[in-house]
Amino acid sequence: MTSMKKIVMAGFAAAMLAFGTINPAVVGNAAPDPSHVTGQIMVKFRDNRAAAGVLRQHGLTDGPDIGDTGAHLIKVPEGKELRLIEALSRNPVVEHAEPDNVVTAATDDTFFGSQYALQNTGQEFFNNYGTISTDPVDPPKITVAKGASDADVDAVEAWTTTTGGGTKVAVLHSGVDLDHPDINPQVVARANFTASKTNEDKYGHGTHVAGIVAANADNGIGVAGVCPGCTILAGKVLTDTGLGSTSALANGINWAVNNGAKVINMSLAVRASRTLETAVNNAWNRGVVLVAAAGNGNNQTKIYPAAYTNVIAVGATDNNDAKASFSTYGPSWVDIAAPGVAVFSTFPNQDFALREPNKRSLSYDIGNGTSMAAPIVAAVAALAWSSRAAPTADTVRANVLSSGEKKTEMSAFWAYGRVNACKAVSPSC
């Protein structure tokens, strides 16, 4: 599909590790306060005809549906959420009542040479990034370090079979930049499920994730996505400060399914919820592959939605093809891994991102985390959708997981090794 890329890049040494610092909530960091959205709860009734009467007993009124989950979003007095949940849960008409928990972020194309996750050409850069020039006018040429590990996912090899064929991937996050030339043209639909005033990505994480999936390839600028022929459904479920709600995420999943998503990526984390699990299961039952970040706690603690059975949970590897130091792990529930250290991608072309001290003057940035690994796997799933006749969610998921390259030392961390795009799309790879 594509010619060999010229291996050049402009260094971003000062900002390389900064991207992780702007994403507050991932496992291992302090939980946001409060842990649930104030002034609302989620309630599912066994008989909706009785809902109004039950709620009236507590001075409440019925609220809107949360996607296709059967749950309703009920407004309540601030500070009384947990007390009302307890009271409603005792009523036999109520199937379940639960808090609306806070959702948080889990953090020739000019810069193709820096994308070791796609093709292992930037190894020396990632071993020595602190000494690379930051002059964007005369960037240094990067060569493969002698004996460097094969840490990439063989994306370029996969492109000889397919580049995605317009497969829709939903990125449920903080939105996607409205005018970034390397990713905005790939966005075919947008929706905002937050209280933020616009669909603009004023947090940064969503644009970075979307670029990993489907940034334009061979357009003479920037980076290439793992699935450059894919299109993006940009669902904004995190606000401009990077926080969201379970109900917003569930609504986003429902919207993505109704708008033709074949893959849903969720680089975010939240506590377990029956409402969210229902939304996930509904999407899976309607033929959608779901992918989520496993977290950055360097432990085996489950986070959601990644830990749900019908979601592919993704850990992170580094540029030496080893477990990333921060990655959550556990072969009993973390399915597969992908590069998540120093992943280069698009970043909003907005004043908040370009001004000091961020120095993201060219609208690209480095990110670290399972948030970066998950969209690589989501993009591989999209490639797998487009590479075979009559695919199903079951077969696509199986192809993605079976593609994993297993090393002996990885068996203690995830079930299927590190994803390989070429093997996922073609048995002959």
Convert 20 °C to kelvin, take the viscosity as 1.002 mPa s, use the Kirkwood radius over C-alpha pairs of the stretch 36-103 as Rh, and evaluate the Stokes-Einstein diffusion coefficient in µm²/s, rounded to a whole number. 183
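Net charge near Gln40, counting Lys/Arg +1 and Asp/Glu -1 over other residues with Cβ under 15 Å of its Cβ?
Values: positive: Lys44, Lys75, Lys80, Arg83; negative: Asp62, Asp65, Glu78, Glu81, Glu98, Asp100.
So the environment of Gln40 carries a net charge of -2.
Any idea what the relative contact order of the stretch 36-103 is, in percent, if you count C-alpha pairs under 8 Å spaced at least 6 apart? Write out the running numbers ahead of the final one.
Working: 114 pairs, mean separation 33.1, N = 68.
Relative contact order, the stretch 36-103: 49 percent.
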Where the only charges are on Cβ atoms (+1 Lys, Arg; -1 Asp, Glu), what is the dipole of the stretch 36-103 about its Cα centre, to the nearest 20 debye? 280
Exposure proxy check on Thr317, Thr241: fewest-to-most Cβ neighbours within 10 Å is Thr241, Thr317
Cα-Cα over 27 Å: which of Lys168/Lys202; Lys262/Lys423; Lys168/Lys423; Lys168/Lys323? Lys168/Lys323
Quick one: order Thr160, Thr231 by neighbouring beta-carbon count within 10 Å, fewest to most. Thr160, Thr231
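Any read-out appearing in this document is the output of simple, stated calculations on the displayed coordinates, not a laboratory observation. Predicted model only: the values in this text are computed from it and were never measured. Note: ideal-geometry Cβ built from the backbone for every residue, glycine included; neighbour counts use all protein chains shown.
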